[in-house]
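Notes for the one structure printed next.
The values are calculated or read from the model by the stated rules, or taken from the named source; none is laboratory data. Keep in mind it's a predicted model, so treat the numbers as computed, not measured. A quick note on method: Cβ atoms are made from the backbone with ideal geometry, for glycine too, and the neighbour counts reach across all protein chains shown. The accessibility values were calculated without ligands, DNA or RNA, using every heavy atom of the protein model including side chains. Shrake-Rupley method; radii C 1.70, N 1.55, O 1.52, S 1.80 Å.
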Amino acid sequence: MTRPSPTIVIGHTIDLRDVDAVARRGAAAILAAEARAELQRTRDHLERAIAAGTTVYGVNTGFGALSDTAIAPAELGALQQNLLRSHAVGVGPAFSLDVVRALLLLRAHTLALGASGVSPAVPEFLLAMLARGVCPVVPSQGSVGASGDLAPLAHLALVVIGEGAAWFEGQLLPGAEALARAGLAPLVLGPKEGLSLINGTQVTTAVGALALCDAAELLVAADIVGALSLDALLGTVTASDPRIHAGKPHAGQRGTAALTRALIAGSPLNASHRDCGQVQDAYALRCMPQVHGAARDALAYVAGAVRIELNSFTDNPLVLARDDGGFDVLSGGNFHAGTVALPLDHMTAALTTLATISERRTDRMLNPATSRGLPPFLADHPGVESGLMMAHVTASALASESKALSFPACVDTIPTSAGKEDHVSMGPIAARKLRAVVDNLARVLAIEAVAGARALDLRPHPTSPRLSQVHAAIRRHVAPWTGDRSLSDEIEALARAIAAGELREAAEVPSLLERT
């Protein structure tokens, strides 16, 4: 169910769900009044420092390896424009509009925190673009995640000054025309303001935050679909006994075990084989608490790291207050995305483990040697019909692709800018790999859900009340089996529904993001 989203106030602490609300659900974003006052104070200090002839990186010097090159006062405006034009060299597919909306929000927010030395007009202009639906075209490739996500953010910033390209009301337009149609005039940037628009980790965090919101849904869905498969395969709930998990009390493990017990509770199907003599199940069923639980714990860690990054100063240099009420302009490395690249890589690996264990459960339901009485590939007429044979092959392909994407991006580095930027994070690559694995996992879980629902239809006893609600939710997107047919569109529809939380809501389970 879609609920009205509150207005998000930037310059205060924001959360993953705030990013999702603005990027995808139409929530408005405004600048906190006190943030505006602080922005003006730091801007005034920076302008005084420039007037006094203080050398400030990126303000009256060149960039990167050219940081020792002094810039004459008459050329400071041209410096900022040339910075945006020269750095806008991104390539590849453009980011989706939800990512671009997240970028506008997050760039405005980090500037609104007051340490970049920009005037209030800069974050206010980004928010105006967001409110009026001007979405710059931002290529997805070209950033190494230090010194910030420069290339993609430069494409975003070009539209601010009336250049580049943007979407407006469904049309792709030159940046100046998109602004004009939205009732906006290009912003004239002062010293440092071009640099402040591009120096930061917002591409990494925008892609990562939205992927984590979806991952949180998939983690719960994995527990739900796994419980459905456990019941359909006549498995035992003994492995979820709380006494077992009290002896290995990882929070995620205990959470998955508790949810599995609760979902299967009251299942006539489970009760029907209580005395069958089956002592223990295969690992894909028996070890769900340990495997799924580790991924839950990964989410808690990664979401925590991304939350910190969302609310951090990621510019360079920074205009920072002293205890005596004055300000210093300090150069540092907060633009380096290593703080989130490593966690995002960790999340990618965690989700891949869910894809591989889900694929194994699907295989067990289709294989007559392991399905405990179900027909081969769940077909009515095996041989004449292939049933879900190829759906499993697709799940295998997606799981394998996810394995390939799980090699961490953060362990690679290529020195750039003539060796000045000699260790980079590859954070945007880590975020994009996570996004790809999230999409793969949603489809792998959808395929398992298709098989689980079909297997339940073939059993003589019904499942539990809560899993029956999940079965009904699956059937809203995947019709009952009537013989071989192409399932591609139904799998895609179910994958989207899973990512949107439909199975979680059907099972009456709260979101993990409400707990972490």
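Considering each residue of the range 204-218 in turn, none proves to be open to solvent by less than 10 Å² (accessible area, probe 1.4 Å), closer than 27 Å to GLY90 by Cβ and part of a loop (DSSP other than H, G, I, E, B).
One residue alone among ARG132, ARG181 is open to solvent by 40 Å² or more (accessible area, probe 1.4 Å) and closer than 24 Å to ALA21 by Cβ, and that residue is ARG132. The single condition among (1) among the basic types (Lys, Arg); (2) touching a Ser or Thr at 6+ places or on another chain (Cβ under 6 Å); (3) open to solvent by 50 Å² or more (accessible area, probe 1.4 Å) that ARG41 does not satisfy is (2).
Pairing residues of the range 420-449 that are at negative phi with residues that are among the acidic types (Asp, Glu) and assigned to a helix (DSSP H, G or I), at Cβ distances under 7 Å and at least 6 apart in sequence or on separate chains, gives ALA430/ASP345; VAL438/ASP214; ASN440/GLU401; VAL444/GLU359.
Conditions (1) among the aromatic types (Phe, Trp, Tyr); (2) closer than 28 Å to VAL99 by Cα; (3) under 24 Å from the mean Cα position of the chain (by Cα); (4) assigned to a helix (DSSP H, G or I), marked per residue:
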| position | (1), (2), (3), (4) |
| --- | --- |
| ALA431 | no, yes, yes, yes |
| ALA436 | no, yes, yes, yes |
| ARG443 | no, yes, yes, yes |
| ASP457 | no, no, no, yes |
| PRO462 | no, no, no, no |
| ARG466 | no, no, no, yes |
| HIS471 | no, no, no, yes |
| PRO480 | no, no, no, no |
| GLY483 | no, no, no, no |
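For the range 132-189, which residues satisfy the criterion of being basic (Lys, Arg) and in contact with a strand residue (DSSP E or B) (Cβ under 7 Å, 6 or more places away or on another chain)?
Filtering the range 132-189 for residues basic (Lys, Arg) gives 132, 181.
Listed by number, the list holds a single entry, ARG181.
Filtered by the rule that a residue be assigned to a helix (DSSP H, G or I), open to solvent by 40 Å² or more (accessible area, probe 1.4 Å) and either β-branched (Val, Ile, Thr) or out of contact with any Asp or Glu (no Cβ under 7 Å at 6 or more places or on another chain) (or both), the range 263-311 gives PRO268, ALA271, SER272, TYR283, ARG286, GLN290, VAL291, ALA294, ASP297, ALA300, TYR301, ILE308. Can ASP315 be described as open to solvent by less than 20 Å² (accessible area, probe 1.4 Å), among the charged types (D, E, K, R) and either touching a Leu at 6+ places or on another chain (Cβ under 9 Å) or touching a residue at least 24 places away in the same chain (Cβ under 8 Å) (or both)? Here the answer is yes, as ASP315 does meet what is asked. If you go through the range 406-428 and keep only what is part of a helix (DSSP H, G or I) and either touching a strand residue (DSSP E or B) at 6+ places or on another chain (Cβ under 7 Å) or surrounded by fewer than 23 Cβ atoms within 10 Å (Cβ to Cβ) (or both), you end up with CYS410, VAL411.
Restricting attention to the range 16-38, and to residues there that are open to solvent by 30 Å² or more (accessible area, probe 1.4 Å), in a loop (DSSP other than H, G, I, E, B) and of a type outside the set (Lys, Arg), which single residue is farthest from SER511 (Cα to Cα)? So the residue we want is ALA28.
Taking the numbered list (1) of a type in the set (Lys, Arg); (2) within 28 Å of ARG361 (Cβ to Cβ); (3) more than 24 Å from the chain's Cα centre (by Cα) in turn, LYS403 passes all entries but (3). Residues that are within 24 Å of LEU503 (Cα to Cα) and open to solvent by 70 Å² or more (accessible area, probe 1.4 Å) within the range 239-262 comprise ALA251, ARG254, ARG261, listed in sequence order.
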